[in-house]
Amino acid sequence: MQVLATKHLINCQFAVDRYQALKKLGAQEKIAEIGVLGGDLSEWFMKNLAPKEVHMIDLYNCADFPGRDRFTKRQHEGFIHNRFENEIKESKAIIKKGISWEVMAHYPNNYFDLIYIDAGHDYNSVKKDLEASANKIKDGGYIVMNDYIMYDHLSNTKYGVVQATNEFCIKNDWEFIYYAFHPNLFCDVVLRKIN
Ligand SMILES: C[S@@+](CC[C@H](N)C(=O)[O-])C[C@H]1O[C@@H](n2cnc3c(N)ncnc32)[C@H](O)[C@@H]1O
């Protein structure tokens, strides 16, 4: 595990949760959410960060969170199209179906103000999502990593988010600007390129 240096953490503040951290970033014109599931956070972005475009990238082949059960794997895509029917017509919601890093590779460089990464949580997937996102962010833009935790103690699954995030920041000179708490420590971190 590579170790972060002071320069990666010196400007990092705590937030009580991801919503507080995201609100502190202010309005964001072009947002990508990598890993959408039911679109709850996409809707939150639309209501709180005044985006012109929210690009919603997912395989759209996943059942809802256990306990929510709003859709099965087969209903996933249809659920999203129904939920965001109006926003799709207004071109505010842009639905992109496919493997996240392959979809992201098709965007022009310097396109997004904010990219939220919450798709595959294994090391290789997170690394690929970060690498695919780095050039797609405008100068001064943000990458937000969900589930910055080593191990999912609820599903007994190893995550690679911490390792991939730290390596990305060290290799490419990005810093943490928020560490946002979560009741079960499925924390978010907000990253920004060091000037
Ligand atoms: C934890 S859920 C996302 C939750 C959502 N961000 C939220 O905050 O409500 C993860 C989603 O990532 C998607 N996913 C996982 N691996 C993916 C990949 N390689 N490419 C695209 N989507 C992927 C799954 O289909 C699932 O819908």
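Yes/no matrix, rows are residues, columns are (1) in contact with an Asp or Glu (Cβ under 8 Å, 6 or more places away or on another chain); (2) over 25 Å from residue 195 (Cβ atoms):
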{"site": "85", "(1), (2)": "no, yes"}
{"site": "90", "(1), (2)": "no, yes"}
{"site": "101", "(1), (2)": "yes, yes"}
{"site": "106", "(1), (2)": "no, yes"}
{"site": "112", "(1), (2)": "no, no"}
{"site": "121", "(1), (2)": "yes, yes"}
{"site": "127", "(1), (2)": "yes, no"}
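Remark: residue 82 falls outside the filter, which requires a residue to be in a loop (DSSP other than H, G, I, E, B), surrounded by fewer than 16 Cβ atoms within 10 Å (Cβ to Cβ) and not basic (Lys, Arg).
Collect the residues in segment 25-54 that are out of contact with any Phe, Trp or Tyr (no Cβ under 7 Å at 6 or more places or on another chain) and more than 11 Å from the ligand (Cβ to nearest atom), keeping them in residue-number order. Selection gives 26, 27, 28, 29, 46, 47, 48, 49, 50, 52, 53. For segment 135-153, does any single residue satisfy the condition of being under 22 Å from residue 17 (Cα atoms), among the acidic types (Asp, Glu), in a strand (DSSP E or B) and away from the ligand (no atom under 13 Å from the Cβ)? There is no residue in segment 135-153 that is under 22 Å from residue 17 (Cα atoms), among the acidic types (Asp, Glu), in a strand (DSSP E or B) and away from the ligand (no atom under 13 Å from the Cβ). Checking the structure you have, find out if any residue of segment 107-125 is away from the ligand (no atom under 12 Å from the Cβ), part of a helix (DSSP H, G or I), within 15 Å of the chain's Cα centre (by Cα) and crowded, with 21+ Cβ neighbours inside 10 Å. No, every residue in segment 107-125 fails to be away from the ligand (no atom under 12 Å from the Cβ), part of a helix (DSSP H, G or I), within 15 Å of the chain's Cα centre (by Cα) and crowded, with 21+ Cβ neighbours inside 10 Å. Here's a check for you: in segment 69-102, which residue that is among the acidic types (Asp, Glu) and over 27 Å from residue 124 (Cβ atoms) is farthest from the ligand (Cβ to nearest atom)? Selected residue: 90.
The conditions are (1) within 11 Å of the ligand (Cβ to nearest atom); (2) not in a strand (DSSP E or B), and residue 66 fails exactly one of them. Which is it? Failing condition for residue 66: (1).
Name the one entry in 186, 168, 176 that is buried (at least 16 other Cβ atoms within 10 Å of the Cβ), part of a loop (DSSP other than H, G, I, E, B) and out of contact with any Ser or Thr (no Cβ under 8 Å at 6 or more places or on another chain). Exactly one residue qualifies, and that residue is 186.
Within segment 1-58, the set of residues being crowded, with 20+ Cβ neighbours inside 10 Å and at positive phi comprises 35, 37, 39. Remark: pairs (first residue in segment 119-147, closer than 16 Å to residue 55 by Cα; second residue among the basic types (Lys, Arg) and in a helix (DSSP H, G or I); Cβ separation under 9 Å; 6+ apart in sequence or on different chains) = 144/18.
Values in this text are rule-based calculations from the coordinates and carry no lab data. Keep in mind it's a predicted model, so treat the numbers as computed, not measured. Cβ sites come from the backbone with ideal geometry, for glycine too, and all protein chains shown count toward neighbours.
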